1. Do any strands (runs of 3 or more DSSP E) lying entirely in segment 490-598 carry at least 1 residues that are modelled with pLDDT under 85, and which ones are they?
2. So which residues in segment 202-226 are within 20 Å of residue 37 (Cα to Cα), surrounded by fewer than 16 Cβ atoms within 10 Å (Cβ to Cβ) and touching a strand residue (DSSP E or B) at 6+ places or on another chain (Cβ under 6 Å), if there are any at all?
3. Scan segment 138-151 residue by residue and report those that are crowded, with 18+ Cβ neighbours inside 10 Å and touching a helix residue (DSSP H, G or I) at 6+ places or on another chain (Cβ under 7 Å).
4. Is it the case that some residue within segment 330-345 is part of a loop (DSSP other than H, G, I, E, B) and at pLDDT below 50?
5. Does segment 157-180 contain any residue that is part of a strand (DSSP E or B), in contact with a helix residue (DSSP H, G or I) (Cβ under 9 Å, 6 or more places away or on another chain) and either crowded, with 17+ Cβ neighbours inside 10 Å or not assigned by TED's automatic domain parsing to the domain that holds residue 112 (or both)?
6. Given (1) modelled with pLDDT of 90 or more; (2) outside the structural domain of residue 299 (by TED's automatic domain parsing); (3) buried (at least 17 other Cβ atoms within 10 Å of the Cβ), where does residue 259 come up short, assuming only one miss?
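The values are calculated or read from the model by the stated rules, or taken from the named source; none is laboratory data. No experiment lies behind these values; they were computed from the predicted model shown. Every residue, glycine as well, gets a Cβ built from its backbone with ideal geometry; the counts of neighbours run over all protein chains shown.
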């Protein structure tokens, strides 16, 4: 920094630079544009909102939002592109009583600073003509009269054309589309009284109707099957009113992507509320499972600070503990007011064979056990034990010789504890506790990873599995289909947001339960999925996790021994693919110390 007296080191930034800096905080990606413009339409009293997305093969090209709201006069339309111009607050005291979604007056100015924007609007209930405003990269607006229906249309194109650094960091078209769909799903659920229409390259992707019954909107987005397992939630106390729906404990996921929260009609992300919902289930859910939840919270506006971040996705709550406690209480009360016994479901889906495709049987043979064996004595085998046998055959190595550089000693199996841990002893007198799932997961992961990319064998399913996904998940899934194909999965689109799974990797063995495929795909498209690893690595870890022997599976002594022998071939036998230990060693000295024998 220059500290001389003759030259000033501090200067005022020009307005164009200021606008681009503000845009950097508000307009992160195309989904940010959609969120700001749709929220403006809602604040304008729209009853119907249409969104048109245009994209090329690799990026989103333009976004158009059309609403039937109150519209604007020509003077207001021109002023709307001025930074911090707003009709929603007048002074600082209004910040403690926000009743609208927007209030900062930054959205249009920020969007126009980094794109080309065309706004056409006409004031409702007047005979005046419409107004057209064109702004290119934050330059002076071009304003003219035009014919227009009542309401407002905003057309945004060439996003980040004048900020190449920001444009460079945009993700693929499918990833950006997934962010758009996620935002819109939350807004639709927060405002079921508004009709939404989403089109991508003129192809209809989402339609919701105006309704006062939230499950109608839930069914539109997530499918009618979800609605069958929902329980209504209602609670009203002095400072908060809670309403909405949660799922029965039997209808859950491994991530929080179906927990949608709105506070004062604003779709928000709130770890506090999410945790409170989970707490309301108590011991009805294990710690790694999460329910479906669609809750609307009406809270005294003086207790909610929505001015935490320019995007307004996060809020700060006063009396946070009391609010969280009320949410937990509402969930618990709703759950225990209903019959929670799950209904029985068929073991597999009905047979659906696509025309022109021949059904090919999977590799495992089917044996007729009704007749007695010709000779000898057959030991009866539980179906679960038989399935474990098949899993172990998938990871059996051709040679029975352990490698010369095996990192583990020879171990003698003592027994199994709790269907989770195998107890083994070494020649050195050590006790080894082995996590059977983690060990088999490591074995399977190394075998999957070792195969040459693109040479994974597939087994075609007799009955193709149909997967229904949300708009967001479908966008992510389309992007990883090539990687899935290389690893042995054969998927194809089967209508809007529906996919057909025709084949799975041979290494997964015979498919006993079709829900495993649904769970694997959910893992792949989950928000919680690891973002730092590539698609192939992610798929390999999921195949290993889902294909491995589960914790809680009772194994025969012979099966325990086979598993212990297989892990000796692993390059890294000490952790599972996620970094958890596969086994723990206790020396004789350790045990003597525990029993005070030293």
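1. On the way: elements: 490-493, 498-505, 583-586.
The strands (runs of 3 or more DSSP E) meeting that bar are 498-505.
2. 207, 209, 210
3. Keep residues of segment 138-151 that are crowded, with 18+ Cβ neighbours inside 10 Å, which gives 138, 141, 151.
138, 141 - these are the residues of segment 138-151 that are crowded, with 18+ Cβ neighbours inside 10 Å and touching a helix residue (DSSP H, G or I) at 6+ places or on another chain (Cβ under 7 Å).
4. yes
5. The answer is no, given that none of the residues of segment 157-180 is part of a strand (DSSP E or B), in contact with a helix residue (DSSP H, G or I) (Cβ under 9 Å, 6 or more places away or on another chain) and either crowded, with 17+ Cβ neighbours inside 10 Å or not assigned by TED's automatic domain parsing to the domain that holds residue 112 (or both).
6. For residue 259, the exception is condition (2).
The rows are residues; the columns are (1) assigned to a strand (DSSP E or B); (2) modelled with pLDDT under 95; (3) surrounded by 17 or more Cβ atoms within 10 Å (Cβ to Cβ).
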{"position": "64", "(1), (2), (3)": "yes, no, yes"}
{"position": "69", "(1), (2), (3)": "no, yes, yes"}
{"position": "77", "(1), (2), (3)": "no, yes, yes"}
{"position": "86", "(1), (2), (3)": "no, yes, yes"}
{"position": "90", "(1), (2), (3)": "no, yes, no"}
{"position": "102", "(1), (2), (3)": "no, yes, yes"}
{"position": "121", "(1), (2), (3)": "yes, yes, yes"}
